[in-house]
Amino acid sequence: MTPAKPARPRAKRPARAAPAPHGVVPTIGTIPLPGSPKPHPELGLGLWALGRWSAEDEARTKATIGRAFELGFRWFDTAEVYGSGRSERILGDVLARAAGGAPDAFVVTKVSWEHLRPSQVRASLVNSLERLGRPSVDLYLVHAPDPHVPLSGTMEALEALWAEGKIGAIGVSNFGVGELEAAAGYLQKARLVVNQVRYNLFDRDEAEPVREYCARHGILIEAYTPLARGLLHGRYLEGKRVPAEIRRFAARLFDPGRLPELQARARDLSDLAQEAHVPMASLALHWLRRQGAVPVVGASEPGQIDSNLEAWAHRPTDAVLDRADAIARGDRA
Ligand SMILES: NC(=O)c1ccc[n+]([C@@H]2O[C@H](COP(=O)([O-])OP(=O)(O)OC[C@H]3O[C@@H](n4cnc5c(N)ncnc54)[C@H](OP(=O)(O)O)[C@@H]3O)[C@@H](O)[C@H]2O)c1
């Protein structure tokens, strides 16, 4: 059983996008993904929130995805569990209306941890493709491992779907090092190319061994919750009460025992960003990128797409990112 073969993916940007210090990165670049016909965009839009919104929000939801597509986002991350399929359906509707059906979109969806037996994996993908209105997805992830279902069958089922061209590449999410080793070992011809994990300036220690393993084995880390649910955008710093829903879904960040300290660090990060003349979220996104990860941001209205892209467009210097790293660790010196 050999783990995924080492091959560090290297970012490919359009020549004109090479960033100078404090430079503006005008487009979202891509990274080659071994065995996949399409490269992986460096910045994506996550559609978990679509599942949480009520039906009245559908127009805003579609406008948000549409704005992202218009501004050059191509990586869209969804899952069969988001809104019990509603997120996939809405994404499919928006992409179907884009030019030519958006063949250049990089669509990622996930099979639920409740559907990891081989026949369930296939059925889940068939249902996801139907909701997305596409013949294939570019990357299919195991949403999370289920210790009660052998990974061998799951991975073999995924490899069969890859060989049939129904999925462009195979990945996992929320996998630890042991699970990654096992999963990669069950693949014969395909490669395990992605692990999607929670990773941001404030939530990093748990992800570190996984990041090191992935870097050594050529597995790309997709970082979810890259903006710490808005904290790294400067939200929730003014003492306003954090909405219950946010506290519930990001309990670790908004734990009352931890939050005041994180807010203090976030205020220092905000000061650093001002001093460096970059949007605060630039620190969060480009710190991740420097760590070798690619961020998948959430957004709940079109304006957030614009400001996230603005943040992406400003790459802080390495010295500034070093200071951001230290501040986020709690080093105020
Ligand atoms: N694999 C997994 O298990 C897993 C788990 C979690 C997430 N994910 C994926 O990762 C994606 C992103 O995760 P996340 O939503 O936790 O990430 P996030 O990017 O840290 O947080 C997104 C939230 O931050 C706020 N925000 C974003 N842009 C903003 C802006 N420009 N100004 C102010 N606030 C802004 C919004 O909050 P409001 O909506 O409150 O305004 C938005 O919903 C999800 O959508 C999902 O696709 C995967």
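Every read-out reported here was derived from the displayed coordinates using simple, explicitly stated rules and does not represent laboratory data. The structure presented is a predicted model; accordingly, all values stated were derived computationally and were not measured. Note that each Cβ is placed from the backbone with ideal geometry, even for glycine, and that neighbours are counted across all protein chains shown.
One table, with the values for the structure above:
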item	result
222 nm mean residue ellipticity, helices alone, for the chain (DSSP H n ≥ 4; -39,500 (n - 2.57); rounded to 500)	-12500 deg cm²/dmol
DSSP bridge pairs, segment 24-329: antiparallel proportion in percent, nearest 5	10
Pair H148, I246: separation of 7 Å Cα→Cβ label points (nm)	3.6
Choice from V126, V297, V242 showing the highest fluctuation, given a GNM over the chain with Cα pairs closer than 10 Å	V242
Spin-label zone in segment 57-77 - amide nitrogen under 17 Å from a point set 7 Å from the Cα of S300 along the C-beta vector	57-65
Segment 121-241: Rg to Rh, with Rh as the Kirkwood radius over Cα pairs	1.05
Burial ranking of peptide ranges 251-257, 318-324, 181-187, 194-200 (average Cβ count within 10 Å, highest at the top)	194-200, 181-187, 318-324, 251-257
Nearest 10 degrees, 0 to 90: helix 318-329 Cα axis against the chain principal axis	90
Sequence ranges 168-180, 28-40, ranked by mean other-Cβ count within 10 angstrom, highest first	168-180, 28-40
Pairwise Cα inverse-distance average, inverted: Kirkwood Rh of segment 24-329 (Å)	19.6
Projected area averaged over orientations for segment 72-153, convex hull of C-alpha atoms, nm²	5.3
Degrees between helix 302-313 axis and first principal axis of the chain (Cα, 0 to 90, nearest 10)	80
